[in-house]
Amino acid sequence: MEFSLWKKLKKRLRKGRKPLWTLGGGLVLLVPLLAAPQASFASFQVKQPASAPSLIEVLQNQNEELEVLLKKEYVCGEESSRLGRMNARSVIELLEKHTAWTAHLNGQAQVVMVEQIQDLSEACKENAFMSLDKDGNLSLYDGPPVKEKVMRTFFQLDMSYMESSLPKVQVQALADGIKINDLDEYNSMLSAYSEFAVREPASKGAMKRSY
């Protein structure tokens, strides 16, 4: 059964109201909120195009409780948890308390709050490796590179330049995969190997890796 919130929104659209933003089939209705701790519903000011009602405007007309989720997005990895069902005022108070968070309504009529965290998730600390993909790109893997689970690709390496500059054992270690245990190691690897990044669209020295 659909939430009454969605019925209200559809009714508004049928009456010729201005269109809502959509993304990936879901309704996106929120940008980061900045408000004084004691502000009332009417005092919230959200900068956005006039055609897009804010989440606050939608919640003002919402009487039913909504499911609230918290999504933590790390430099590497993400985690999601359920915060429970909340009324509109409780949702706003939570965002007042965490002004760096953003939130949106997804296609399941759930409020998804997003927290950006400058760290690696626990899963990444346990399983992340940096190595080369088959095109010679420095890449982040979920597990050893032989499993071919690339999570992120950074930049292509000039293999000729790198092999002439580094000991063979160090080049081979990267090809085999280097375990990443924390954010410092993650940043150090990117910094160290950025020196060997290809500066042009193509490089004759880019290594082709076979699987």
Interchain or sequence-distant (5+) residues whose placed amide H lies within less than 5 Å of the amide H of Leu83 are Val68, Leu69, Leu70
P(r) histogram, all alpha-carbon pairs of the stretch 86-163 included - 10 Å bins from 0, percent
15, 29, 22, 21, 11, 3, 0
Could you tell me how many cubic angstrom of Cα convex hull volume the stretch 63-200 has per residue?
141 Å³
Ordered by residue, what ³J(HN,Hα) values in Hz, to whole numbers, does the stretch 88-93 give under the Karplus form 6.51 cos²θ - 1.76 cosθ + 1.60, where θ = phi - 60° and Gly and Pro are x?
4, 5, 5, 4, 5, 4
For Met151, what residues show an amide H to amide H distance below 5 Å, using hydrogens built from the backbone and excluding near sequence neighbours?
Leu140, Tyr141, Asp142
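So what is Rg over Rh here for the stretch 124-196, counting just Cα atoms and using Kirkwood for Rh? Don't skip to the end; give the middle numbers.
Numbers: Rg = 11.3 Å, Rh = 12.1 Å.
Taking Rg over the Kirkwood Rh, I get 0.93.
The numbers here are math on the coordinates, done by the rules we state, and not lab data. What you see is a predicted model; the values in this text were computed from it and never measured.
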